[in-house]
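Any read-out appearing in this document is the output of simple, stated calculations on the displayed coordinates, not a laboratory observation. A quick note: this is a predicted structure, and the numbers were derived from the prediction, not measured. Here the Cβ is made from the backbone with ideal geometry for all residues, glycine too, and neighbour counts use every protein chain on show.
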Amino acid sequence: MYNYNIMIGLGANLAGPAGVPAQALVAALKMLVDSGFALRAVSRFYRSPAFPAGSGPDYVNACAWLAGAGRPAEILAQLHKVEAALGRVRTTRWAARGIDLDLLALGDAVLPDAETQATWRALPLERQMQVAPETLILPHPRLAERAFVLVPLAEIAPRWRHPATGRTVMEMLAALDRAEKAALEPFLAPMAEIGGLSSADQPTK
């Protein structure tokens, strides 16, 4: 068994069994806690434009820092189990959905290996829209490109450093287009009672 700092991204842009998208995110977090993960921190929830543009309603996005044990594939399977319980049916790539849980990083793990991770990280956008990896790629290969991931992640883990590129969350965020970052609209998180963490407590790997 392994113990990890687990970074996940949460998103939804359709209503589902738990209610509107923000309620789906809250329900997913509660289900993860019930399944044995420790919830260390949750970002604010953000409204963000769907990607690709015009593919559906605006999303509600957030990031969470969990702690837990298990093999990487087991952790991913647990995320998929929560998605299924909340009505997720996988259809076309990047389709609108009632819940989406992305495994962003497990501490400083690079999976399945540095070369494969780098290949997927460098994949052009047109190929990203056509193909999906058949194995778990960590850190998430699109992590550094997405404001809807990095903006909330910077609230809970600004000093976390990408184990393959060496860049921190704040450095990756600073490299993004200003307009893309400005398109995100924060609103009060329903789980604000969890509170933030001191800078000394924030994960760096």
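The phi torsions of segment 106-113, fed into the Karplus equation with coefficients 6.51, -1.76 and 1.60 and a -60° offset, translate into couplings of 10, x, 9, 5, 10, 10, x, 6 Hz, rounded to whole numbers, with Gly and Pro shown as x. Rounded to whole Å, give me the distance from the Cα center of segment 1-58 to that of segment 76-143. Comparing the Cα centres of segment 1-58 and segment 76-143, I get a distance of 14 Å.
Proximity of backbone amide H atoms, modeled 1.01 Å from N, is registered between Leu138 and Leu111 at under 5 Å, excluding neighbours fewer than 5 places apart on the same chain. Distances between placed amide hydrogens fall under 5 Å for Phe45 paired with Phe187, Ala189, all partners being 5 or more residues away or on another chain. For Leu136, put the label point 7 Å out on the Cα→Cβ axis and report which residues of segment 1-28 keep their amide N under 17 Å from it. Hits in segment 1-28 for Leu136 at 17 Å: 1-10. Computed from backbone phi with θ = phi - 60° and the Karplus coefficients 6.51, -1.76 and 1.60, the 3J(HN,Hα) list for segment 74-90 is 5, 5, 4, 4, 5, 4, 5, 5, 5, 4, 5, 5, 9, x, 5, 10, 7 Hz; x is used for glycine and proline. The distance between label points at Leu176 and Ala96 comes to 2.3 nm (points 7 Å beyond Cα on the Cα→Cβ vector). Relative to the current alpha-carbon distance between Glu185 and Leu125, full extension at 0.36 nm per residue lengthens the span by 19.1 nm.
Shape class of the chain from the alpha-carbon gyration tensor: rounded, with the ratio a/c of largest to smallest axis under 1.5.
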